[in-house]
Amino acid sequence: MSGLPVALQCFYVRASDCVEVGFFVSLTANQPLSWSAYDGTSNVLTGTAVPPFDGPGELKCAVDTDRPELSAHNVLQGRAIVYDTASGATVGYGAVGFQRLSPGAFSGEIDLDGFTYESCPDRLHFQVLTSQSGGPASTLITVPCAEDLLTQTPTQSVVQMQIVNEFEQVFSSSYRFTCLANQSFSRFLTLSGSAVGSDSAHLVVRGVSSPLIGLVIDRFTGQNNLVHTTANEPFLEGGRSSTIIFP
């Protein structure tokens, strides 16, 4: 979203071991760009070379600019579409963006402190469907805001979940993960309709040692017993500081 060329420094981060795969993307003025993660893409004219990536993981990109003005940093928006070849389910969701708030060149250290960049959210709020016996289960995906891509040090997080049913009764649960978590609702009794006592619930997610970003993939059975899949993006509450270090 800029009338000038934009350079990006990007990294895929593998969910299995937090190992990063770095690459650079060059965009001309107001240029859109899309690619298949599985195939990658390249353009020798602009110097863009996106490697192929397979398996669970995340993509992080930052505007790499020496220009200090905010208009040089806040120029990106993104969207992902994920297709499951086994079930045919397709899910689209928006990228999580953190605006630059104070002038300065890109240093490789992204301080999500509410001053240099927007801070990470303290809590993620979702309105979800609880899992039903014999039915498809939704999925909670979480990744830590803080990440050291320079040393590739795995980020470990503990996640607290608060579940409020339709009768305002409160349940809780937690789990621990490294790098990225893909948790099925079926793993938690507190997210089942039989235990919670309602078909829907208010889910509040919070990282203990590090703030999180996340997404829920809703799955439910519709007419003719067809399973429907859709992305459920959170309402963000509060703010907490964290840092992402790029090499």
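List of remarks:
- For the chain, modelled as a GNM whose springs connect Cα atoms under 10 angstrom apart, the maximal fluctuation among ASN74, ASN232, ASN224 occurs at ASN224.
- Springs join every pair of Cα atoms under 10 Å in this Gaussian network model of the chain, and among PHE126, PHE167, PHE185 the largest mean-square fluctuation is at PHE167.
- Max mean-square fluctuation residue, GNM over the chain, Cα-Cα springs under 10 Å, options ALA146, ALA89, ALA62: ALA89
- Antiparallel bridge percentage (DSSP; both residues within region 114-228; nearest 5): 95
- Size-normalised alpha-carbon gyration radius of region 97-155, reference 2.2 N^0.38 Å: 1.65
- Using θ = phi - 60° in the Karplus curve 6.51 cos²θ - 1.76 cosθ + 1.60, the 3J(HN,Hα) couplings for region 18-26 round to 6, 5, 9, 10, x, 7, 10, 10, 10 Hz; x is entered for Gly and Pro.
- Between region 206-247 and region 26-94, the alpha-carbon center distance in angstrom: 19
- Label reach from ALA86 (point 7 Å along Cα→C-beta): in region 131-165, amide nitrogens under 20 Å belong to 131-142.
- Multiplying the residue separation of GLN152 and LEU101 by 0.36 nm and subtracting their alpha-carbon distance yields 15.7 nm.
Here, each number is a calculation from the coordinates, and none is a lab measurement. Quick caveat: nothing in here was measured; it's all calculated off a predicted structure. Methodologically, a virtual Cβ is constructed for each residue, glycine included, from the backbone with ideal geometry; neighbour enumeration extends over all protein chains shown.
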